[in-house]
Structure formats: C-alpha cells, structure tokens
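The values are calculated or read from the model by the stated rules, or taken from the named source; none is laboratory data. Remember, predicted model here, so these are calculated numbers, not experimental data. Methodologically, a virtual Cβ is constructed for each residue, glycine included, from the backbone with ideal geometry; neighbour enumeration extends over all protein chains shown.
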Amino acid sequence: MPKHALGTHGPVEDLFEGYATGPWWDEMLEAPSAPRKVSLGLHETLRALSATDLEERCAERDRSFRDRGITFSLSGEERPFPLDPVPRLVSAAEWEVIETGVAQRVRALEMFLSDVYGRGEIFADRIVPRRLVATSRHFHRAAAGVEPPNGVRIHVSGIDLVRDASGEFRVLEDNLRIPSGVSYVVENRRTMARVFPELFVSHRVRPVADYASHLLAALQAASPRGARGDPTVVVLTPGVHNAAYFEHSFLARQMGVELVEGRDLVCRHNTLYMRTTSGEERVDVVYRRIDDDFLDPLHFRPDSLLGCAGLLNAARAGNVTIANAVGNGVADDKLAYTYVPDLVGYYLGERPILPNVPTYRLEEPEQLEHVLERIGELVLKPVDASGGYGLFIGPQASDEETAAISVAIRASPRSWVAQEVVLLSTVPTKVGSHLEPRHVDLRPFAINDGERVWVLPGGLTRVALPRGSLVVNSSQGGGSKDTWVLAGDEHTSAAREGDDAERTAAAALAEIPAYGSGPDLGPATGGAEQQQQQQQQGPGPPCSAG
Amino acid sequence: MSWRIATRHISTYRYSSPVSASYNEARMTPVASHRQAVLESHVSVRPVAPALRYVDYWSTTVHAFDIHEPHDDLVVTASSVVETTPAEPLDRDVTWAALGDPAVRDRYVELLEPTAYAPLEPELAELSRAVAAHEAPADAVDALCAWIRSAMRYEPGTTQVSTSALEAWRQGGGVCQDFAHVALVLLRNLGIPARYTSGYLHPMADAPVGETVNGASHAWVEVFLGAWQPVDPTNGDPVGERHVTVARGRDYADVSPLHGLYHGGTLESLEVTVELTRLA
Amino acid sequence: MLSRIAESLFWVGRYLERAEDTARILDVQIHQLLEDAASDEAVASRALLSVMGIPETGGAALELGRVTALLAFDTSQPSSIVSSIVGARESARGIRETISSELWECLNATYVALDQRVATARAIGPHAFFRFAKFVKERVAIAAGIADATMSRDDGWRFLVLGRSLERVDMTARLLGVRLSLPESMSDWVTTLRCCSAHEAYLRTYHGTVDAARSTEFLLLDRLFPRSAYFALATAESCLSELDPDRGRLGPEDEARRVLGRARAALEYRRIGELLDGLPTRLTSLQRSCSEASSAVAARYFHREPDLEWRAEIAPDRADLAPAAAAGRAR
C-alpha cells in the first residue's frame, strides 16, 4: 500500500476507519469521530498517522523492549512486554477521584490489618465476622505480635479499577501482598517517549519516573532504626526464574540497593545479615517479592529454598522490617473485598470515594440462592486465586460449565464470590493495521510511607486483546497501555517549580586442569519451580472481567 | 488446697554428625491463669544461644533461638515453679442456646472449625450426637469423655506424633494426644468450642512434699461453657492440682513443645525426661 | 558487595574471555587448514579437542565441521562459544541491577541474536564460521568497551577483570598447547600468534621473522602486550591487591595472590632458552595455577553456602507420655 501524504483533512487511510462505539464507555470517543474533550489532541495526532508509520514505530518499540530485556515469562518463555502504541488518557479531574479514592481505601485497609493482628475491635463491634479472617488461608497467626516500626503494613499496593458504562471508576480488587507491574508503567513511558515524542510535546503528562525514589523513601521510613540512620534496604527476589524478575531487578537498580536472593541472607540471633565479599552486613528493611508461604521456613513452608530461616522472628524482635508485612493477604482476598466499604465507614467515618462492583457473599444462604438463580448473568471468582484463573463468566458459559460451577459453589461457598458483570470501558487499540475498541482496566500503585499515601500518577492499563473479551490479563492474552495522567493547572506550576529546583540542584553538584563450572545460578530445578510458583499479583493479575 | 510444683523438662537431641545451623522455637513455659500462678520459669539451651522470648497468638510463651556453631547434641531445659489450684466443677447452667449465639460462635470460630489433627468426620459426628445431643452442654462434655474412655484403649506406641483423631479412633486406641484430638472432634461437632491443652501431670494423687518423681508431658482439652474449663478425656480425673498447663491451641500443631529446623547432621536419638517435685 | 554478585561478575569476565578466545583459536585454525592443503584435518581436529579439554569420542571420523560444531555451537559442551555466551548472559541476568543497563543490553542483545547467527553458520558450513567468529569477537569487544566506559572502578569491576585475566592466562596456555601438540610440518608460529591477535604486535616489536623462541617469549612474557600471560597475570594480581591491600609486613596473605605471584615469578625470571625446555610442563603448571587461584578466590570471597536443606526438628516423642497417663488410668 502506498504511503499517503499528510493533508489537512487527514490521510486517506484513516486508522479509525470502522471504529465502533457501543453501550460501554469509550475512553477516547463519545461517538464515532467525536472525541471526548480530554482526547482531542491525541485523536488528531493519530488521525494524521499512516498505518505504515504506525507499523514502523511499533517495530522500533519491539526492538527496544527486546534488547533491553523487558520481558515477562509465559510458560517459561521470555516475551517482550506487549505495549499498545495508543496511550490511555486520564484527565486531571478524573485522576483526583482515583487518587483520593485509592488513598482512602489504603488507609482503611491499613487500620483493618492493624486491628486484625492486634486487638480485633472490628470483630468485637461485629462489623466484620471473625470468621472472615479465621478461615482465610492468608491469615498468619505467626504474624500476630509483629509490630511494624512505623505502623505501616501496606507499603506498596495496587488497587485494580474498572470503569463502568456510566463512566464511573469502581474497585475490582485490592492487591496488598506483592502487587507487580510498576516497572512496566515506568518502562512503557520511557518507550513511548522514544517512539512518539511528538505526543509528549502536545500533552502535559505527569511523570512516573520518580516511583523508585518514593518507594525507597517509604522503605527507609519503615526501618526499625528510623530513616535517619541510613538504613540498609534490600529487594528480596525468588530469583531469575521468577516471572517478575525483571521488575525486581528494575526496582533494586532504580533504588540503588542490593537485589538479594534467600541464599544471600542469614539470620543470626534475630538479626538479618547479607553475605558480602567483606563479611556479613546488617540489613534493616527487606522489600520482599516472595510469598508469605516461602518467606521463612521456620514458620511457613519448611521446604522453602527461597526465603531465610528466622526472618519473621527478626522482624518480631524489631531488628528488621518486612515490606509488605506478613499476612496482608487476609485483607485482599475477594471475600474481604466485599467488606471494604464497611471498613471505610468504620475506621475513617467516611463514605467510599470509589465504589465496589456489586458482589455477593455465597456463605449467606439468601445470597447463594439469589446467585444460583441468576448464575447465567454473573461472574464467579475463586476467593483465593489470581491471574484470571478459575474464573466463571456466566454469559459466556456452556450449560455443562454452569452446572459444574453450581455444584462447586454449593459445596464450598467460602471459596467463591459472585459479581455483577461490568462492561469495561474501551480504548482504541492497534489491531492489525488499524484501531479497534478493546476493553481495559487500570491498576494504580500506592505507596504508604507512614505519613501519607502517595499514588503514582499513572498506572498499568491492561488490555483484553481478543475482540469483546473482558479478561485483561497478560497470562490470558492481554496487553498493556501507557497511562497518561494529564496535569491540571496546579500540577503544571508546581511541577515546573520542582523542575527548576532540581535543575538548580543539579547545576550545583558539579594435567590440563578442567574448566571451572561457572557461578552458582541458584537452586536447581526444584528452586526454579518455587521461583515460578510465587504469587504474581499482576502483571497478569486477577481477572478483571465483571 | 493448692499445690506448688517444680517442673524440669529436659530434651536431649543427639545427631550422628554435627549440625551446622539450627533454628528453634520452644513452647515449654507454663501459662499464667486464674487457676495457675507461675512463680518462676526458665528455658536454657546448650550450646548456649540467646533467645527471643515472645507471647504467641495463643498466649503461649515462646523461646526462639538459633545456633550457628557446629554441634553434636542439643539440650533444651525448661524449669519452672507453679502454684496450681483444685479442680472446679463444670458450669452446669450454660445452655445450647447460649452456645449457639452467633456472637459466641463467631468469637470462637477457630475452636469450632475442623483441623488437620481433628478433622470433620461424619461417622464421629453422628456418634457425638447419638451419645450426647439430648443432654445439657456440661453433661454432654462428661458423656463424651466417658464414651471416649470406653471406646478407646490407652495404648502407648501404637500411634505417632502425626496421628490424627480419625486414625486413632479407627484403630481404637492411642495416647493422651489422641484422646484429646478425638474429644476435640466430638465436642466441636456439637457446637462446644474446645481447645487442645498441653502440660504436665503429676502421677501421684497424694504426692509427698519434697520428693522428685519422673513425670511426663500430658494433653487434655478445655471447653467453653460460658468460661473456659478444663477436662481430661484420657483418665477422666478432674483437672486440678496435679495438672500444670503450658500451652493451648486448635490442636497439637499449635503447641508443639519444640519446633524447628536444622541442617547438616541427622538425628540419631532424642531423650526426654520430665521431673516433677511437689514443693508444698 | 554481595558475594553472589561478585561471583557472577567474575564469571561474566571469564565466560566472555572464553567465548572470544575460543572463537579466535577456531577462526585461525580453520583458516589455516583451508589455506594449507598439506594440513591433516584429523590431526588438527584432535589437537584442538584435546587442548580444549573435550574428550575425543571414538567412532565418527574427526573432521573440522564436527569439531567446529562441538567447540562453537554445542550447548551441551560447557566450554563451547555458545555455552560461554549463554553463561555470561545468565550470570549477568542474575545481577542486572548491579551492572550498567548498557552492559546488560549488550549481553542480552548478543544472546538474542545468537540463534540466528548459529543457524546461518551451521547452514553454510565451516566457511561461514569466519563471520560467526567475527560476530563473537566484536560483541565481546563491545561488551568490554561498555564495561570499561560505564562501570565504576569498585570491587565489582575488579572481580570482572580478575575473571577475565585468569581466563586469558588459561587460554593462552591452551593455545600454546595446541601449537605444541601439532607436528612441526603443520603449524607455523604465525598462525599461533594470529590466534592471540599478536602477530602484528609481534612484527612491530621484533621487526623480523617469526620463530619459536621469540613467539613463545612474546606470548608468555611481553610486558606491554595485553594478551600475554605475564600481562594477564600481573593484571589479576593487581585486582587482588586492590581487593585486599597489604596490611602486614610479611607480604600478601591472600592465597590467590601467592599462587599467581609464584606463577608470574616462574615465568619472569627464567632465561629464554629455559623457557622452551620443558614448555609443556610449564604450561600445565600455569593452568593449574589459574585453577588454584580461582578456587582460592571463591573460598575467600564467594562464601557459597552448601545447598541448604532444612530438616524439621521433631517434637519430643510421645513415648514419654505413657507413664503419667498410664498412672492416671491405673487408679
């Protein structure tokens, strides 16, 4: 196909040709050829692009990802992270709702966890049944009495949001254990800036590159010795075979701290050390990317090769901080999710800024009956699972599947929740040589340093690539988009001042022996398996359908 | 009349080759309660290692220690002096309705749910109803304990530390740990919150003061009848002066006296002695 | 720095050097065989295999294609070029946050391109090996250049250079070994020098004909040529002394330094005539020194823990429960 010259009315081959809107919320277009106000500029720029031009830029994008090793493992194979070339825009006003709503939620969940592992007042006041916690697989009694030095348990969280047909953001899921994906947020942005520099000229996009410095500050603030003692922070990874290894190494490098594996650590008399070439060096804060179950073989799985024996008691003794805290999973399973609006009311005396998706608890008999009657219209999710696994989508299920799930939820109602289907919003997405609507969700990341909950202005927008699919998940054929939070007036001036200050600061700092066998690449196969098994809270996170 | 009892619990682990590192938690310190005062308690370890002392979720005092020098044997010695009180009769006034109150059931949900050692088993569940469902809760407790003693033989050596209530019941016998686990299944099934209790039992009802005897670890249960009250399903005796309470939990897994990990070496032998001396 | 990271950097250095040197040796040997019709392919192949420490599996006729496949492409041979590149990249992958992004990208891009390169080289046969060898030499050179330009001169850098230097000494010894194991008729010293990229430097130094004594002297002893055994030994020694500066008055306490220092002295103060006599023994001893130094460095700095296998401490057995409970029941 010949390349057409750009004209004032746009090229002949319009990337948006045949683009359909529907009953869902499209983030860019109110109706075909009628962009929303926030997207006017982006829409204009895209219309001026030819398919060939877009193709070339995508090739550049792929090369950049592959050479930099920005990949995720799918069934043991490394693939470049799938980034769609069209960004998702969030206006300043929309972002303010998300930012305050996410922060509110995290504050309430922090208080809940502190209560659960402390006095249990919320149970005594009968807001939440003790049963919710006592029957949770993630409730770790061994964590009772482990007091985080600055009171923070949810140092990092990822709150998954979806946007319904009316344009309202709703929370789909909380990730309070080891939410992942933030490295892709930063790398997606870096790549977009190289591939589409002109878009950044015409938009004022709030930066995401300073995530790591916020994270480091929050981790240092969590140190038992306080932030002033220049605490030693490490990132604990299961190892190179873990799907999120790229992210672990990314965060360690960006923070300038050591990336350690379990075998680099040793606990001695309730103090944590790492083995270095000059002996053992004390560690104050462990940002761990290993599941609770594998963290400390003394308290959890005794066969774990990934963790460090004695770590939990070192934290209990107040000699090291584990971030995120052990046992957070009790507050982020899908059953606990149904109580979060109550937690916001109980602990904060506030109304939730971001509503939940309507969800039914199947342990309550009336709700179970109600759900069984309407099962063909609902989504059923296993309480514990993530990665979109085990999901049942009523409208798409066969009769056999429906019958099987009915039996399953009757047999084990604690293991499931039912949700109304949410028709996720769409964003134009490159499919072949043109753009089509694809459903998306959004995972903003929040960091709690004990003083305030900071929400990264941006987030991981995940895309369901098959047409009509509502399951956005990289382990289930999903992609991602760069998420642009546009600066409001206050941010532009504030940001400019900040930039100036930084610039000034920057200016001021002016027989033939056999071959050796190679380094120890970690525990052999068994270890690799455990590394892969680690719970991934994204970037192929729990399904977002419904 | 209350007793004052001195306890000395010595565990000696011998390894065939040196152990290079070991991490352990000892749950061997008697618990203070309204029926037991702890006057002294001490846990020591050889090779010498500093311990972190903390109170766990179940209110049990834990000594956590780790050893990094190579060692061929590990000796853990727990000593204490406690004052125990005579048995109290079960509270006969509590009703099934009171126990069935959703607030009570939710408060003690963990002690009503099945566990690995005390699993839900339809056969046992049915038996528990047949034996005791028509009685008041306190009478049901008595009836169930009596029934266990009639249905199970006390037979040391026939079960292991890992045997569940179900396995012990099927084979018709076991030791105090098994009796306690079977009792937990039956009691919880009727809706009576019940917890596993470990400690020591002085073997003599009329123990002379000042004489040290070889005692042993023992296990019984506590039931919630408006308040927590102990019963001993193994021997049917009231739980009183002779029982020293150490730890409580959902089952044996929550109260295991020594729990740990080591590497290098293999365990060759384990020797445990419990010395009990009535002091007053 | 973390012991594991130090160890990985050490091996990135060794693997890259091994990939490059193997590529050089193969390149030159193949070239020479093609040029010189008189050469015996089987003899040359056998010499190559033995000096690279690969046991000759009997049966199939030894021909250059098979030897190339073994030494260059065989992923089951730990010392093949492909294995070395994969090893360097794997070692770097585990320490990505400590090396510069550019160095990682270079190693990763080399790895990513490898399959295609190998497929092409295999499809076309030994002749196309030259292009493959050039690719490997260039990529290693780029990696070395990036490391040089982007890495702080801290302990990490020292472990990288230490690994590279030890491997270089070892490979130079192996190369001379190839030369010695070939019949006089088949190999000229020019080839040997070219394997080390030393031919031109040699000519500039000696302005004349290439002979055995001078070539050996140049490859083992030259103070200025960076691929000579002496130069690499001295570099390794200086890395070690920077890692652990002398404190006492009795000289180095570090075992690796002692081993390397002795090896260097054994070369340095020998007369040229003596150097050629008993060369095979001397080469073997040089390789042994590298191996000993490598072990000493590992023991001192890498603190590799034996694979941890935890056993559960069993709880006191319940046999001891019997007396009390039995007594209770007996009454």
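Candidates in the range A:123-142 are the residues that are part of a loop (DSSP other than H, G, I, E, B) and among the charged types (D, E, K, R); of these, the one that is farthest from the other protein chains (Cβ to nearest Cβ) is A:ARG137.
Listed by position, the strands (runs of 3 or more DSSP E) contained in the range B:241-280 that have at least 1 residues being within 12 Å of chain C (Cβ to nearest Cβ) and hydroxyl-bearing (Ser, Thr, Tyr) are B:258-263, B:267-278. Each residue in the range B:61-110 was checked for being touching a helix residue (DSSP H, G or I) at 6+ places or on another chain (Cβ under 8 Å) and under 27 Å from A:ALA317 (Cβ atoms), and 2 of them qualify.
In the set (1) modelled with pLDDT under 95; (2) crowded, with 20+ Cβ neighbours inside 10 Å, B:ALA78 fails one condition alone, (1).
Please work out which residue is farthest from the chain's Cα centre (by Cα), limiting yourself to the range C:92-129 and to residues that are within 14 Å of chain A (Cβ to nearest Cβ) and hydroxyl-bearing (Ser, Thr, Tyr).
The qualifying residue farthest from the chain's Cα centre (by Cα) is C:SER101.
Taking C:PHE129, is it modelled with pLDDT under 85, in the same structural domain as C:ALA92 (by TED's automatic domain parsing) and either closer than 18 Å to C:ASP21 by Cα or among the polar types (S, T, N, Q) (or both)? For C:PHE129, the condition - modelled with pLDDT under 85, in the same structural domain as C:ALA92 (by TED's automatic domain parsing) and either closer than 18 Å to C:ASP21 by Cα or among the polar types (S, T, N, Q) (or both) - is met. Is it fair to say B:SER164 is surrounded by fewer than 23 Cβ atoms within 10 Å (Cβ to Cβ) and touching a helix residue (DSSP H, G or I) at 6+ places or on another chain (Cβ under 9 Å)? Against the criterion (surrounded by fewer than 23 Cβ atoms within 10 Å (Cβ to Cβ) and touching a helix residue (DSSP H, G or I) at 6+ places or on another chain (Cβ under 9 Å)), B:SER164 qualifies. Residues of the range C:16-34 include at least one that is touching a Pro at 6+ places or on another chain (Cβ under 7 Å) and either more than 20 Å from C:TYR111 (Cβ to Cβ) or among the β-branched types (Val, Ile, Thr) (or both).
Within the range C:277-292, the residues that satisfy the criterion of being more than 11 Å from chain A (Cβ to nearest Cβ) and surrounded by 14 or more Cβ atoms within 10 Å (Cβ to Cβ) are C:LEU279, C:ARG282.
For the range B:91-134, a residue qualifies if it is assigned to a loop (DSSP other than H, G, I, E, B), buried (at least 19 other Cβ atoms within 10 Å of the Cβ) and of a type outside the set (Val, Ile, Thr), and the qualifying residues are B:TYR108, B:LEU112, B:TYR117, B:ALA118, B:GLU121.
Is it true that some residue in the range C:31-48 is under 30 Å from C:ALA149 (Cα atoms) and part of a helix (DSSP H, G or I)? Among the residues of the range C:31-48, not one is under 30 Å from C:ALA149 (Cα atoms) and part of a helix (DSSP H, G or I), which makes the answer no. Residues in the range B:55-64 that are more than 8 Å from chain A (Cβ to nearest Cβ) and not in a loop (DSSP other than H, G, I, E, B) were compared, and the one that is nearest to B:TYR108 (Cα to Cα) is B:THR61. Against the list (1) closer than 30 Å to C:VAL210 by Cα; (2) at pLDDT 90 or above; (3) crowded, with 18+ Cβ neighbours inside 10 Å, the condition C:SER187 fails is (2). I need a count of the residues in the range C:130-159 that are within 15 Å of C:PRO226 (Cβ to Cβ) and under 16 Å from the mean Cα position of the chain (by Cα). So the count comes out to 4.
Where helices (runs of 4 or more DSSP H) sit wholly within the range A:182-296, those with at least 1 residues that are within 18 Å of the chain's Cα centre (by Cα) occupy A:182-195, A:211-221, A:245-255, A:292-295. Within the range A:426-476, the set of residues being part of a loop (DSSP other than H, G, I, E, B), within 16 Å of A:PHE81 (Cβ to Cβ) and either modelled with pLDDT of 90 or more or of a type in the set (Ser, Thr, Tyr) (or both) comprises A:GLY458, A:GLY459. Of all the listed residues (A:GLU247, A:GLU258), the sole one being over 30 Å from A:GLU363 (Cα atoms), surrounded by fewer than 24 Cβ atoms within 10 Å (Cβ to Cβ) and acidic (Asp, Glu) is A:GLU258.
Note on the range C:86-102: residues that are crowded, with 24+ Cβ neighbours inside 10 Å, among the aliphatic types (A, V, I, L, M) and in a helix (DSSP H, G or I) total 2. Looking across the range B:190-239 at every residue that is within 14 Å of chain C (Cβ to nearest Cβ), small (Gly, Ala, Ser) and in a strand (DSSP E or B), the one that is nearest to B:ALA151 (Cα to Cα) is identified as B:ALA219.
Looking across B:ARG248, B:ARG242, B:ARG188, B:ARG195, one residue alone is of a type in the set (Lys, Arg) and surrounded by fewer than 24 Cβ atoms within 10 Å (Cβ to Cβ). It is B:ARG248. Set side by side, the residues B:ASN214, B:ASN189 differ, and just one is touching a Lys or Arg at 6+ places or on another chain (Cβ under 8 Å), over 28 Å from C:ARG311 (Cα atoms) and not assigned by TED's automatic domain parsing to the domain that holds B:HIS42, which is B:ASN189.
Among the strands (runs of 3 or more DSSP E) lying completely within the range B:1-54, list those that include at least 3 residues that are within 14 Å of chain A (Cβ to nearest Cβ) and in contact with a Gly (Cβ under 9 Å, 6 or more places away or on another chain).
Of the strands (runs of 3 or more DSSP E) lying wholly inside the range B:1-54, those with at least 3 residues that are within 14 Å of chain A (Cβ to nearest Cβ) and in contact with a Gly (Cβ under 9 Å, 6 or more places away or on another chain) span B:21-26.
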